Amino acid sequence: MTDSNIANRLIEIAENLSNHCNQLIPEIIDQTSIAYATNPLDYAKKPHHAYLRLGGKFSAKTVMLGMNPGPWGMAQCGVPFGATKVATELLGISNLEVRQPEGAHPKRPVVGLELERQEVSGTRLWGALAERYGTKGGIMKNVFLVNHCPLLLLDEGGKNITPDKLSGKAISELMQVCDEHLRGVVEILSAKKIIGVGKYAEKRAKITFPEHSTGDLEIVSVWHPSPASPLANRNDGADWRENVFAELP
């Protein structure tokens, strides 16, 4: 499969996931504590597609899997685990439109690629990858980052709610379409390993691939880079980087 075909297939399944998520948003808000749900695969489509074209160009065999976007990362720039400087300076994704989403939380405005505030988790993770591999090409040849769920989910006060804290029919449907998308990513890239960023992501990958233990797909996890995590902060982050580097190709 050519690089352009891989990229086009990644874009196709991302569009399919995006459409399903848009359909589910009203039900998620109606059935859960979520007051605001927005979809960066939709309103930040242009930078996200630019990221997917990078993925298609380099076709990494290791997938790093996150949970869902935070308000200052992918929700602004369309790059999984992103921060705006990661997108513009490291990956070269810039000068692309990020539309204003419907139903955005007034305390969590979408500025786009020009946002000055930098998302800590994304800065840490991509910074570690740059330390390991150097250039964006070196990174993308080795790992492809993707979130299991693409939706930013906020409560009334603007707190970021992760999918593992939610339940109900709409959430079950959301998980099914997200699992289907992850299967597609692994198939398109012919990936051999999934690294869950945090235990929840690892658990979700094992649900998606119940046959992994008898096949050739390895599923592991690394510590999450959140500044709220004692493991990520220990020894000024040195222990966290060692934990991540041990699982990288």
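The values are calculated or read from the model by the stated rules, or taken from the named source; none is laboratory data. The shown structure was predicted, so the numbers you read here are calculated from the model rather than taken from an experiment. All Cβ positions, glycine included, derive from the backbone under ideal geometry; neighbour counts span all protein chains shown. Just so you know, the surface numbers come from the protein's heavy atoms only, side chains and all, with ligands and any DNA or RNA stripped out. Shrake-Rupley method; radii C 1.70, N 1.55, O 1.52, S 1.80 Å.
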Note: among Glu202, Glu173, Glu180, just one is at pLDDT 95 or above, over 17 Å from the mean Cα position of the chain (by Cα) and among the acidic types (Asp, Glu), namely Glu173
If you take the residues of region 34-49 that are open to solvent by 20 Å² or more (accessible area, probe 1.4 Å) and not in a helix (DSSP H, G or I), which of them is nearest to Gly70 (Cα to Cα)? Tyr36
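Could you identify the single residue in Asp164, Asp179, Asp216 that is within 30 Å of Glu102 (Cβ to Cβ), free of Cβ contacts under 8 Å to residues at least 40 places away in the same chain and of a type in the set (Asp, Glu)?
Numbers: Asp164 fails: free of Cβ contacts under 8 Å to residues at least 40 places away in the same chain; Asp216 fails: within 30 Å of Glu102 (Cβ to Cβ).
None of the other options fit; the residue is Asp179.
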Across region 111-127, the tally of residues that are closer than 22 Å to Arg99 by Cβ and assigned to a helix (DSSP H, G or I) stands at 1
Which of the residues belonging to region 13-33 are open to solvent by less than 60 Å² (accessible area, probe 1.4 Å) and in a helix (DSSP H, G or I)? Ile13, Ala14, Glu15, Leu17, Ser18, Cys21, Asn22, Leu24, Ile25, Ile28
Tally up the residues in region 60-69 that are surrounded by fewer than 23 Cβ atoms within 10 Å (Cβ to Cβ) and either among the aliphatic types (A, V, I, L, M) or modelled with pLDDT under 95 (or both), please. 2
Filter region 98-116 for residues that are open to solvent by 30 Å² or more (accessible area, probe 1.4 Å) and not hydrophobic (A, V, I, L, M, F, W, C) and give the result. Arg99, Gln100, Glu102, Gly103, Pro106, Lys107, Arg108, Pro109, Glu114, Glu116
Filter region 145-175 down to the residues that are open to solvent by 30 Å² or more (accessible area, probe 1.4 Å) and closer than 20 Å to Val197 by Cα and list them by number. Asn160, Asp164, Lys165
Going residue by residue through region 150-164, is there one that turns out to be more than 26 Å from Asn233 (Cα to Cα), under 15 Å from the mean Cα position of the chain (by Cα) and either aromatic (Phe, Trp, Tyr) or in a helix (DSSP H, G or I) (or both)? no
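Applying the selection to region 75-88, what residues are open to solvent by less than 10 Å² (accessible area, probe 1.4 Å) and either closer than 19 Å to Leu174 by Cβ or touching a strand residue (DSSP E or B) at 6+ places or on another chain (Cβ under 7 Å) (or both)?
Passing the criteria: Ala75, Pro80.
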Restricting to region 1-48, what's the tally of residues that are out of contact with any Asp or Glu (no Cβ under 7 Å at 6 or more places or on another chain) and under 27 Å from Asp155 (Cα atoms)? 28
